[in-house]
Structures are given as structure tokens and as C-alpha cells.
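Q: Sharing a structure with you now.
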Amino acid sequence: MSIEWQVLGRAGADNALHVVVDSGQSRESLLFDCGERCLDGLRASEIQAVAHLCFSHFHMDHVAGFDGFFRLNYNRPDFPVGVWGPPGTVKVMEHRFQGFVWNLHTGQPGEWVVREIGRETIGTARFYVDEAFAAQGQPGRPWHPPVVHRTEGWRLEARLLPHGSIASVAWRVVEAPKRNIDPNALRKLGHLPGPWLKDVADGDKADGEPVEVGGRKVPVGELRRELLVTTPGESITWLTDFRVEPGTAEWDGLISWLAGTTTLVCECQYRAADKALAEKNAHMTTDLVGRLAAEAGVGRLVLQHLSRRYSVAEWLAMRDEAKAVFPRTELPWELREDR
Ligand SMILES: [Zn+2]
Ligand SMILES: [Zn+2]
């Protein structure tokens, strides 16, 4: 089990995040936002493998690359395209779909499932190529945050954050906890390793079922209690275009949700000295982003969405400003001052 990820786009330009969750048996891909030229960093086959496209919000710099994604996926035959976003996502996507002329669509495959995250409900609409992308709205379902989607190996979580007068969705992918055989416990138990260990590690057998070990039959649940250790899975969070102030309930809620995140990929639009601009445009500054990572105790902080108003030297200084508060801070790009 592992989470592979890549920040797409350049410093000072639009950014997105590509995530592949590898469970060992299968690989599932997610894309967070789709700004201009963000797809340049992916192969066509990687774009066509994206199962879930998750938007934070629909300011232009997060959706300007959508046509390229749509062109490669609109009539995908094998599995639907899932689109997720804030309130209003169904309407925005419907307009995007209807921005093309459809007259050769009959009989073509292709299904899009668009979901919008409200405070307490999730709304859904389905769109089919065969129906020229006419919206099929479905009744909303109640939602108890933060989990919006769950598979055997991982789950997708969402949290609405304030971005001026609109909501921006923060996304987190969390692997299911891993259960492994503890070699020390195995040694203590005194049994020789063998095929029976597979029954202990895999979930196929019910706890009450017996397995044969050392010449006697033992309920597999008993062995699991003695031998398995559970470790939390990895997680990655995409936080972009928001402003939350320390000392507010919003800040505290965000910290507790983020707690323990392995990798936090976070917007960092402004330098600490440009606080007034950051407040005006509902964005974060280096010092606040560093503080967020420190208080949440994340594994590492990766900065993205740096303003194009700054020079390369200033982007490097931004990393250092955040680093002063949270040492495990990095930029996803190799930047050289002599650009
Ligand atoms: Zn933005
Ligand atoms: Zn924005």
C-alpha cells in the first residue's frame, strides 16, 4: 500500500495535485483541480485513469485546464468519471458539458457522476454522452463530514473552507490502516512461519474459523489478537484558496481534522509581509501555513499556489519563512535564482 503524488504546474502558475493510491491489488487515481497547463505533466494514459476529479472551487485558475481532461475522458467506456466540488458544481459542470455541440453522441459510451458537497448534504447529477449530457439530477443525500467516498483500501474526505464569499473544498485521501504480522510476537508464540500466516493476515477467514498451526486447530481471531499490529495508513491533503485565522473555531476544527496527515500540500499565495493583501484576497501567508502544519503535526508540508507577483528568490524566501515555523517544509519544484 502506498500513496504516490505529484504537484502539477509550475511556481507562479496554476497548480493541481495528481494522486495514485496503490493497494497492491489495484491502482486508483485522483486529480485535485485542473488549472491551465496542469495536465502537461501527465501522460494521456494517466489522465484517462483518473477515477475522481475533485475541484476545490471554480475560480479560473483551478478549472482552466478542464477541456483537455474532458476531451480525453468524455466517452470513456470502462468506468464513469467522478467529479466532486463545492456547492454549485452540478451547474458549473453542466455549463462546461453544454459548451460543445453534440450531434454524433447517440450510442456512445461515457457516464459522468457529478457530486457537490454542501454543509450537510451531497447532491448528485448524472450525465451520459448518449443523452448529449442532459443533466439527470438525483435527490441529495445527508452527509456527516468528513468522509465522502470509501473503498476497501482508502477513503476520500472533504471539508468546506472559507475563501472570501465562497466555499473552497479541502480534500484528503487516507489509506485504510495496515495490519501486519509482528515478528517479535511470532517469535514469542514459538510457531514456525507457514501458510497459516496468510489466513491470519488476510481478512478472508472469519475470526471464529480455525486454522491448523503446530499440529492443533486454533481460531484465527485468537492468532490475530496475538500477532497483528495495526499501523495507520498514509494520507495526503490538498488545501488551496482559503483563509482561516488562528484563534477561531474554524482554525481549531481545521487543525484537528488535519492532525497526523502524512503530507500536507497547501496553498501559500503570499509572503508574511503581504498580510493585508492575503486578507483582502482570502488567501494564506507563509507564516500561517507553517503554523497550520506545526499545530496539526503533519509529516511534511509542500507549498503550492505561490503568487506570480514574486521573483524566484522571493519564492525561495517564502519556503524559508514557512520553514522557520515548520522545518519539514519544501517546494515541489527545483528553483534556481538565475531563471
Ligand atoms: Zn487559486
Ligand atoms: Zn480562488
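Q: Translational diffusion coefficient of the chain at 4 °C, 1.567 mPa s, Stokes-Einstein with Kirkwood Rh over Cα pairs, in µm²/s as a whole number.
A: 59
Q: Grab the DSSP H runs of the chain that are 4 residues or longer, score each as -39,500 (n - 2.57), total them, divide by all residues and round the 222 nm result to the nearest 500 deg cm²/dmol.
A: Here the helix-only value at 222 nm equals -7000 deg cm²/dmol.
Q: Here's another thing I want to ask about it. Amide H to amide H under 5 Å from ALA176: which residues, 5+ apart in sequence or cross-chain, H placed 1.01 Å off N in plane?
A: Those lying under 5 Å, H to H, from ALA176 are TRP154, ARG155.
Q: Sticking with this one: For a test of the definition: using alpha carbon positions, the gyration tensor, and the 1.5 limit on a/c, classify region 14-145 as rounded, prolate or oblate.
A: Cα axes put region 14-145 in the rounded bin.
Q: Provide the net charge surrounding GLY12, with neighbours chosen by a C-beta distance below 9 Å and charges set as Lys +1, Arg +1, Asp -1, Glu -1.
A: +3
Q: A further question follows. By DSSP, what percent of the beta bridges with both residues in the chain are antiparallel, rounded to the nearest 5?
A: Counting DSSP beta bridges with both partners in the chain, the antiparallel share is about 70 percent.
Q: Short version: ³J(HN,Hα) in whole Hz for each residue of region 161-173, in order, from phi by Karplus 6.51 cos²θ - 1.76 cosθ + 1.60 (θ = phi - 60°), x for Gly and Pro, what are they?
A: The phi angles translate into 10, x, 10, x, 8, 10, 9, 10, 8, 8, 10, 9, 9 Hz.
Q: Then there's this: Compute the FRET efficiency between LEU335 and TRP102 as 1/(1 + (r/R0)^6), taking r as their Cβ-Cβ distance and R0 = 41 Å, and round to the nearest 0.05.
A: Using R0 = 41 Å, I get an efficiency of 0.40.
Q: If I take R0 = 45 Å and measure r between the Cβ atoms of ARG126 and TRP251 in this structure, what FRET efficiency does the formula 1/(1 + (r/R0)^6) give, to the nearest 0.05?
A: On the way: r = 37 Å, r/R0 = 0.82.
The computed FRET efficiency comes out at 0.75.
Q: So, one more: Based on Cα coordinates alone, diagonalise the gyration tensor for region 128-266, multiply each eigenvalue by 5, take square roots, and list the semi-axes in whole Å, largest first.
A: Working from the Cα gyration tensor, I get semi-axes of 43, 23, 12 Å.
Q: Compute the Rg/Rh shape ratio of region 178-231: radius of gyration over Kirkwood radius, all on alpha-carbon atoms. Show your work: numbers first, answer last.
A: Values: Rg = 10.1 Å, Rh = 11.1 Å.
On the Cα set of region 178-231, Rg over Rh gives 0.92.
Q: Once R0 is set to 35 Å, what does the formula 1/(1 + (r/R0)^6) return for the Cβ-Cβ distance between ASP67 and SER165, expressed as a FRET efficiency to the nearest 0.05?
A: 0.85
Q: Using θ = phi - 60° and the Karplus relation 6.51 cos²θ - 1.76 cosθ + 1.60, list the HN-Hα couplings for region 206-221 in order, rounded to whole Hz, with x at every Gly or Pro.
A: 6, 3, x, 6, x, 10, 8, 9, x, x, 9, 8, 10, x, 4, x
Q: What ratio of Cα Rg to 2.2 N^0.38 Å holds for region 17-73? Present the calculation step by step, with values, prior to reporting the outcome.
A: Working: Rg = 11.3 Å, N = 57, 2.2 N^0.38 = 10.2 Å.
My calculation over the Cα atoms of region 17-73 gives 1.11.
Q: Roughly speaking, what is the stretch gain from ALA276 to VAL312, that is 0.36 nm per residue apart minus the C-alpha to C-alpha distance, in nm to one decimal?
A: Taking 0.36 nm per residue and subtracting the Cα distance, the gain is 10.8 nm.
Q: Next up: So which aspartates and glutamates pass the test for LYS217, namely a Cα distance under 17 Å, with those fewer than 8 places away in the same chain ruled out?
A: Counting by Cα, and skipping residues close in sequence, LYS217 has these aspartates and glutamates nearby: ASP199, ASP207, GLU209, GLU226.
Q: Under 15 Å from the Cβ of PRO327, count the other residues' Cβ atoms, weight Lys and Arg +1, Asp and Glu -1, and hand me the total. Numbers along the way, then the final one.
A: Values: positive: ARG291, ARG300, ARG319, LYS323, ARG328; negative: ASP287, GLU295, ASP320, GLU321, GLU330.
Residues close to PRO327 contribute a combined charge of 0.
Q: Oh, and also: Could you list which residues have their amide H under 5 Å from that of CYS54, counting only those 5 or more apart in sequence or on another chain, with H placed in the peptide plane?
A: Residues meeting the amide H criterion: LEU31, PHE32, ASP33, TRP84.
Q: As an exercise, find the ratio Rg/Rh for region 224-269 from alpha-carbon atoms, using the Kirkwood inverse-distance average for Rh.
A: Radius of gyration relative to Kirkwood radius: 1.18.
Q: In whole angstrom, how far apart do the alpha carbon centroids of region 2-39 and region 251-275 sit?
A: Using only Cα atoms, the two centres lie 19 Å from each other.
Q: If packing is taken as the average number of other Cβ atoms within 10 Å across a peptide's residues, how do 328-334, 58-64 rank, most packed first?
A: Going by the mean number of other Cβ atoms within 10 Å, highest first, we get 58-64, 328-334.
Q: Find how many whole Å separate the alpha carbon centroid of region 117-171 from the alpha carbon centroid of region 281-297.
A: After rounding, the separation between the Cα centres reads 26 Å.
Q: What is the gain in length, in nm to one decimal, between LYS217 and LEU189 on full extension, counting 0.36 nm per residue of separation less the C-alpha to C-alpha distance?
A: Numbers: separation 28, 0.36 × 28 = 10.08 nm, distance 1.47 nm.
Full-extension gain reported as 8.6 nm.
Q: While we're looking at this one, here's another question. What list of ³J(HN,Hα) values in whole Hz, one per residue of region 244-256 in order, does the Karplus curve 6.51 cos²θ - 1.76 cosθ + 1.60 (θ = phi - 60°) give from phi, with Gly and Pro shown as x?
A: The phi angles translate into 10, 9, x, x, 10, 5, 4, 5, 4, x, 5, 4, 6 Hz.
Here, each number is a calculation from the coordinates, and none is a lab measurement. Not measured: the values here are computed from a predicted model. Cβ atoms come from the backbone with ideal geometry, glycine included; neighbour counts cover every protein chain shown.
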